[in-house]
Amino acid sequence: EGAEKETGLPVTRRDKDIDRTISVLKYTYSLCLLVFSVVILMGAIFQGQTAGTAERNIPPIAAFFVFWFLIAWLAMMEGGQGALVGLQPIDKSLYSESHPRALKCTSVAHKGDNMERFIVGRQFLVVAIVFVTNIMVLPIKDAVVLGLPDIVIEIFLASGLAVILTTTMIGQLTSQVNAANCMLDFVNSYFMIFTTYVSLVVELSGLLHSVYLVEIIFAKVTGTPIESDEPPRSVIKNTFFWARVVMSVAILGFCFAVTLDALFQGKTTMWEGVAPSTSFVIFFLLMCVVGLMEGMQIALFAVVNVPEEMLRSHKLANANSTLAFAGQNLQTFLIGRQISVTICMYIFARITTVDVTLGIGENIFGVSDGLQEFFNTGLLGALLTTVVASLGWRIVASSFPIFFLSNPLIYLMIRLCLLVEMTGVCSASWVLGRWNKLIAGYQPDAVYLEGAEPQGKAPVTRRDKDVDTTVTTIKYMCSLGLLLFSVVIVMAAIFSEQTSIAQQIHPAFAFVLFWFLLIWLAMMEGGQGCLVGLQPIDKELFKESHPVTFKCTTVAQKGDNMERFIIGRQFLVVLVVFLTNMCGNAVKGAEVLMLPGIVTEIFLSSGLAMMLTTIIIGQLTAQVNAANCMLDFINTYFMLFTTYVSLFIEYSGLLHCVYLVQVFFAKVTGNPVESKEPPRNSIQKAFFWARVLMSTIILGFAFAVTLAALFQGKTAMWDGVPAGASVVIFILLMCFVGLMDGMQIALFAVVNFPEEELNKHTVAAANCKLTFDGKNFAAFLIGRQILVTVCMFVVARITSLNVVVGTGENIFGVSDGLQNFFNTGLLGAVITTIVASLAWRIV
């Protein structure tokens, strides 16, 4: 019927779903590989299992910082080159004011022939970094890392796979992804200015000038003059130039001699078991492969300007060019090529890095130990690789692009690169690129050069959407996995009687108590939001459909009961957190489900499993539903019970000292305390102040008991934490939780402030702008809830007394009965509620 041919693009909805599923799987497994690679590399460094830390005695912390600085610098060089090349035709006046550092970079790099010099110097720096990072993470023989099986160490560490993945994804592709469209923002940094000058200094040194000899030879052969943006050199400059060429050729020859001698003697970091002759053959084969890879890119860009008729007359070159430029193949090829080149570079580093033990008299050519130590750095191999396996081939490809592409091996290499990218092994680069772009605030160049609309956090391309889908999927799966594991490990600890409370009561009762407390916490967390949110709603609208909700709101919203409910509820929330901490707090040396000690320590002993279970099930789940389903959420007798209990706790006077803070700040600010009730009569006033006095005394006593227990080391604080440190942590956490609680109140309060008034206070205005930007507010509230609960659990560990009754070591020598009451954690709950929450809310 003459219909349009279908391409690789999805046609049906099912096609799109399949493509998205494959993309998500690629991103996910690539991210997993990257995370595992980083973990195993860092483990090797900090456990002293690398050549850098074990053999060269580099302190692990220094090796860590050197490694990540080099990766960051590599990223700057990889993205920076593309940006500087891409910005060449752009009028610098268009970004001179908006990007002053980018202007400085381009002004230096685009002056005369500096762009060529920058590329030459940068290429050596890239190779040198690959060689040095290889030394930093090269494992020693029989390395043992993180207790992993030997086969895993062999695959990821000994083979170099982990460092290749880390370098390729973090140090190369991520920066290239962003620099392709955000050139101005990417190079607008002092780090890029530093990189530009260092690259030019490396080229100026003459170390790589032998490459210009190759360029001159091919210019003579082809009869094509060398293009230059500078006037002919003077006699002095010409002499200096040729002197450096001679020096560079001599150094290159020496590098070849040392490297080949070390190869034939088996004195390199090449894998054990590989014969010297085999290493020699691999060395030359890899030089050709890397050279072809480097030259392919140059040749493909060069033939773009070749007349189509001329290209068609060379069948192989035309076939290779057609394959590379078909559909989205070019971008795919470039990514696959980058991965392949990096793999080859690391193998090169293993082959050419000299490894001679000093002090045994077997140095290469009998040189001194000092010079041999320099040979061992791998810089000779880096120089060799830069000139012979990279720059030299680039010049050949630039001089004879059609001849270069007529090599039948090129077709196979393009296919190989396409296949490597298609595996998705480095797809995590797109995820990292999107995060990096959002965090750094990069904008496309069109925003600055053409006045296009700035991009926000919303996905723009299909790939952005796939990345966001992947990240969301991973978050849900990771969170669900952690939650299920946390619940299982806590329940196992309870039923095996390895928690504080399970040793005092039957595990079945501890189980029921734990889940009752979590459900009650959920009701309190969601219920407060519902009661506050329903305040302006006419109760007649839901009187018949939600009778229990009507009863709850009638009670809670009568007079000043809403304030009373919030105060009482806050104590209940803190108390429940303290009690659940006792239910799930593992005893010392707990062993659960035959899990490794490190897993038990991380999840159970630290309280992490308890925190995750409480936050997800007992707080956020309820808040998510209560936000939009207020009427249904509190239409239960459980909420009615919670409302009355909260009001009763407030009525008891236990927390009345918080009103003293309220009255004090009302006097200081001159703002009267707002109330929906008539002034108190004399009896009510006396009863009120009596409860304030009682509450203040109780708070002081709670502080005295808790501090005495802290200084005596008689709390549930983790072993090994000094008493003084416990007190400092306790006070700091009080302030942190207080700031968190106060922040929420203050942010809701400033919503009604006139904008002019708010803008007079620079820091306050900046904080508000950040919080209310886009979807930040919802994210802030969730993050705040998580942080507050984590801190509450830590405070519970710090302030819950742990005195063995009957040993005569009770706090202040009180009776065993009173000591048992102290051990419940109620005193800590009172302190936390008043000092770390309600008081800050009032301020």
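The values are calculated or read from the model by the stated rules, or taken from the named source; none is laboratory data. Since we're looking at a predicted model, the values are computed, not measured. Methodologically, a virtual Cβ is constructed for each residue, glycine included, from the backbone with ideal geometry; neighbour enumeration extends over all protein chains shown. The area values use the complete protein model at the heavy-atom level, side chains included, leaving out ligands, DNA and RNA. Shrake-Rupley method; radii C 1.70, N 1.55, O 1.52, S 1.80 Å.
For region 51-128, the carbon plus sulfur part of the accessible surface works out to 62%, probe radius 1.4 Å. Taking Lys and Arg as +1 and Asp and Glu as -1, the other residues whose beta-carbon sits under 12 Å from that of residue 367 total -4. Once you sort the root eigenvalues of the Cα gyration tensor of region 766-843 as a ≥ b ≥ c, which label holds: rounded (a/c under 1.5), prolate (a/b larger than b/c) or oblate (the other case)? Prolate.
Between the C-alpha center of region 196-229 and that of region 86-164 there is a gap of 22 Å. Protein heavy-atom surface of region 674-739, 1.4 angstrom probe: 72% of the accessible area is carbon and sulfur, with nucleic acids and ligands not counted. Of the solvent-accessible surface of region 482-563, computed with a 1.4 Å probe over protein heavy atoms with every protein chain present, carbon and sulfur atoms account for 66 percent. Shape summary of region 601-653, radius of gyration then Dmax from alpha carbon positions: 15.4, 42 Å. Between residue 766 and residue 328, the simple spin-label model (points 7 angstrom out along Cα→Cβ) gives 4.0 nm. Using Cβ point charges alone (K and R +1, D and E -1), the dipole size of the chain about the Cα centre works out to roughly 940 debye.
What does the charge count near residue 713 come to, summing +1 for each Lys or Arg and -1 for each Asp or Glu among other residues with Cβ under 15 Å from its Cβ? Could you put the intermediate results ahead of the total?
Working: positive: 588, 714, 797; negative: 719, 809.
Its environment carries a net charge of +1.
Put simply, the C-alpha atoms of region 486-576 give a gyration tensor, and the ellipsoid matching it has half-axes of 36, 14, 10 Å, longest first. For residue 764, what charge total do you get from the other residues with a beta carbon under 14 Å from its beta carbon, if Lys and Arg give +1 and Asp and Glu give -1? Charge balance in the 14 Å sphere: -1. Measuring spread by the Cα atoms of region 373-522 yields a radius of gyration and Dmax of 28.9, 85 Å. Provide the FRET efficiency to the nearest 0.05 for the residue 732-residue 140 pair, computing r from the beta carbons and using R0 = 41 Å. Using R0 = 41 Å, I get an efficiency of 0.50. Between residue 309 and residue 511, the simple label model (points 7 Å from Cα in the Cβ direction) yields a spacing of 8.7 nm.
Under the membrane-span-like helix rule (DSSP H runs whose alpha carbons stretch at least 27 Å along the helix axis, mean Kyte-Doolittle hydropathy -0.5 or higher), the chain yields 13-46, 60-86, 114-137, 235-265, 276-302, 329-352, 462-495, 507-533, 561-584, 682-711, 723-750, 776-799. Among (1) 35.0, 120; (2) 44.2, 159; (3) 34.7, 110, which one is Rg and Dmax of the Cα atoms in Å computed from these coordinates? Answer by label: (3).
Mind putting a number on the dipole of region 350-458 about its Cα centre? Charges go on the C-beta only, +1 for Lys and Arg and -1 for Asp and Glu, and I need it in Debye to the nearest 20.
On the way: 6 positive and 8 negative charges, 85 e Å.
Roughly 400 debye, rounded to the nearest 20.
In the P(r) worked out for region 60-117, what percent of Cα pairs fall beyond 19 Å? Tail of the P(r) past 19 Å holds 42 percent of the pairs. Give the shape of region 673-783 as rounded, prolate or oblate, defined through the alpha-carbon gyration tensor: a ≥ b ≥ c are the square roots of its eigenvalues, a/c under 1.5 means rounded, and otherwise the shape is prolate if a/b is larger than b/c and oblate if not. It comes out oblate by the Cα gyration axes.
The residue among 693, 412, 135 whose Cα reaches farthest toward the positive pole of the charge dipole of the chain, with charges on the beta-carbon of Lys, Arg, Asp and Glu, is 693. Taking the helices alone, the chain has a mean residue ellipticity at 222 nm of -21500 deg cm²/dmol, built from -39,500 (n - 2.57) per DSSP H run of at least 4 residues and averaged over all its residues. Please report the spacing between the Cα centers of region 526-588 and region 272-335 in Å, no decimals. Each part's Cα centre sits 69 Å from the other's. Ranking 181, 778, 316 by how far each Cα lies toward the positive end of the dipole of the chain (charges on Cβ) leaves 778 at the top.
Quick check: residue separation of residue 606 and residue 239 times 0.36 nm, minus the Cα distance between them. What number comes out in nm?
Values: separation 367, 0.36 × 367 = 132.12 nm, distance 7.00 nm.
Going from the current span to full extension adds 125.1 nm.
With point charges of +1 on the Cβ of Lys and Arg and -1 on the Cβ of Asp and Glu, referenced to the Cα centre of the chain, which listed residue (444, 224, 629) lies farthest in the positive direction of the dipole? Projecting each Cα onto the dipole axis, the largest value belongs to 629.
Using the Cβ-Cβ distance between residue 684 and residue 537 with R0 = 30 Å, the FRET efficiency computed as 1/(1 + (r/R0)^6) comes to roughly 0.50.
Might you report the magnitude of the Cβ-based charge dipole of region 739-819 about its Cα centre, with Lys and Arg at +1 and Asp and Glu at -1, to the nearest 20 debye? I would put it at about 220 debye.
Taking the Cβ-Cβ separation of residue 90 and residue 246 as r and a Förster radius of 22 Å, what is the calculated FRET efficiency to the nearest 0.05?
For R0 = 22 Å, the calculated efficiency reads 0.05.
Determine which residues of region 524-556 fall in the zone a paramagnetic label at residue 638 would reach in this model, i.e. backbone nitrogen under 13 Å from the point 7 Å along Cα→Cβ. Once the point is set 7 Å along Cα→Cβ of residue 638, 524-527 turn out to lie under 13 Å by backbone N, inside region 524-556. Relative to the current alpha-carbon distance between residue 671 and residue 627, full extension at 0.36 nm per residue lengthens the span by 12.7 nm. For the pair region 608-649 and region 466-493, the centres of their Cα atoms are 22 angstrom apart. In the context of the full set of protein chains, the chain has a per residue accessible area of 49 Å² (1.4 Å probe).
Using the alpha carbons alone, the radius of gyration of region 351-426 stands to its Kirkwood radius in an Rg to Rh ratio of 1.21.
More than 14 angstrom separation, counting every C-alpha pair in region 162-245; what % is that? Beyond 14 Å sits 78 percent of the P(r) for region 162-245.
Can I get the semi-axes of region 275-328's equivalent ellipsoid? Compute them from the C-alpha gyration tensor as square roots of 5 times the eigenvalues, in angstrom, largest first.
Details: eigenvalues 199, 24, 19 Å².
The equivalent ellipsoid of region 275-328 has semi-axes of 32, 11, 10 Å.
Overall form of region 454-493: prolate. Here a/c, set by the Cα gyration tensor axes a ≥ b ≥ c, is 1.5 or more, and a/b is the larger of a/b and b/c.
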